[in-house]
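In what follows, a structure is listed as structure tokens, so that the remarks can point back to it.
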Amino acid sequence: QILSKASVISEDNYETFPAFSPDGKWLYYCNAPAIVMPDNYDVIRYNITRVPFDEKTGEIKKDATEVVVGNETMSHSFPRISPDGRYLMYTETAYGQFPIWHKDAEIQMIDLETMQAVDMSQINSPDTDSYHSWSSGSDWVALSSRRDNSLYTLPYFCHIGEDGKPAKPFLLPQEDPRYNIWRLKSFNVPEFIDGEVELPESVVELFETGK
């Protein structure tokens, strides 16, 4: 079944990156006024909005409210709510909705109980930081960052304190630390899982032989 609502979908706006709150009571998404594309790709800026959602009936309510408002220099995308429902983490960049290509992209966060911004200076770097995911305990975040070489996004992990403030992120440890420098691959959307990873035999052989 596909659910929709005229108050959420409009020809006058662009709507992207939907995300439910963990309790199912809110639907978050990004929206911006519809403008001619691709002519104005570098001036479009998104807000983060939420609408009430009835998880029992599947009804999307009408009363949308803006949670994070963009301005003439900032656009917001990729909303992710912590599993405990306390924090909304998102990516902030100069324009658009594809932050992985923006050197200025940073991770930002607000406390949904107070609607106040949390100091995220510790988690960010002079290069691209984006695509974040929460752990099930709401105390760790995985993110993609190009802080090492400005070319490849690598998976970093960051502890989030009880006050919401992040600790210093660290790169995913490897048996040989040089592997993080030698590999020519990007890791764009790291996700936490709580089960064993099962791979097909063909993929296992590929890793074992290096072919």
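The values are calculated or read from the model by the stated rules, or taken from the named source; none is laboratory data. Because the structure is predicted, anything quoted here is derived from the model rather than measured. Positions of Cβ are backbone-derived with ideal geometry, glycine not excepted, and every protein chain shown enters the neighbour counts. Calculation scope for accessible area: heavy atoms of the full protein, side chains included, ligands and nucleic acids excluded. Shrake-Rupley method; radii C 1.70, N 1.55, O 1.52, S 1.80 Å.
As an exercise, use a Förster radius of 30 Å and the Cβ-Cβ distance of residue 140 and residue 36 to find the FRET efficiency, rounded to the nearest 0.05. Display every interim value, and only then the final one.
Numbers: r = 42 Å, r/R0 = 1.38.
Efficiency, rounded to the nearest 0.05: 0.10.
Let me see the P(r) profile for the range 133-200: every Cα-Cα distance counted, bins of 10 Å, each bin given as a percent of all pairs.
The calculated distribution, bin by bin, is 19, 45, 31, 5, 0.
Could you tell me the distance between the Cα centroids of the range 69-104 and the range 167-211, to the nearest Å?
26 Å
So if I take the alpha carbon set of the range 95-211, get Rg, then get Rh from the Kirkwood formula, what is the Rg over Rh ratio? Walk me through the intermediate numbers first.
Details: Rg = 16.1 Å, Rh = 15.9 Å.
Here Rg/Rh amounts to 1.02.
Express the accessible area of the chain per residue in Å², computed with a 1.4 Å probe while the remaining protein chains stay in the model.
60 Å²
Using the Kirkwood radius over Cα pairs, work out the Stokes-Einstein diffusion coefficient for the range 49-124 at 4 °C and 1.567 mPa s, in µm²/s as a whole number.
Numbers: Rh = 13.8 Å.
Taking Rh from Cα pairs, D becomes 94 µm²/s.
Can you tally the net charge around residue 22? Count Lys and Arg as +1, Asp and Glu as -1, for every other residue whose Cβ sits under 12 Å from the Cβ of residue 22.
Surrounding charge for residue 22 is 0.
At 0.36 nm per residue, and after removing the present C-alpha to C-alpha distance, how many nm does the segment from residue 11 to residue 193 gain when stretched out fully?
61.8 nm
So for the chain, if I pair up every lysine 8 or more residues apart or on another chain, how many of those pairs have alpha-carbons under 19 Å apart?
Number of lysine pairs found: 9.
Carbon and sulfur: what percent of the chain's accessible surface (1.4 Å probe)?
Carbon-and-sulfur percentage of accessible area, whole number: 53.
With n ≥ 4 as the cut-off for DSSP H runs, can you work out [θ] at 222 nm for the chain, using -39500 (n - 2.57) per run divided by the number of residues, rounded to the nearest 500? Display every interim value, and only then the final one.
Details: 2 runs with 13 residues, N = 211.
Roughly -1500 deg cm²/dmol at 222 nm, from the helical runs in the chain.
Once Rh is set to the Kirkwood radius over Cα pairs, what Stokes-Einstein translational diffusion coefficient, in µm²/s, holds for the chain at a temperature of 37 °C and a viscosity of 0.692 mPa s?
Estimated diffusion coefficient is 175 µm²/s.
Can you give the extra length, in nm with one decimal, that the chain gains between residue 167 and residue 180 once fully stretched, where that is 0.36 nm per residue apart less the Cα-Cα distance?
Computed gain between residue 167 and residue 180 is 2.6 nm.
What's the longest bit of the chain with no exposed GluC sites (Glu not before Pro), using DSSP loop states and at most 13 other Cβ atoms within 10 Å as the test?
By the stated rule (loop sites, at most 13 other Cβ atoms within 10 Å), 114-161.
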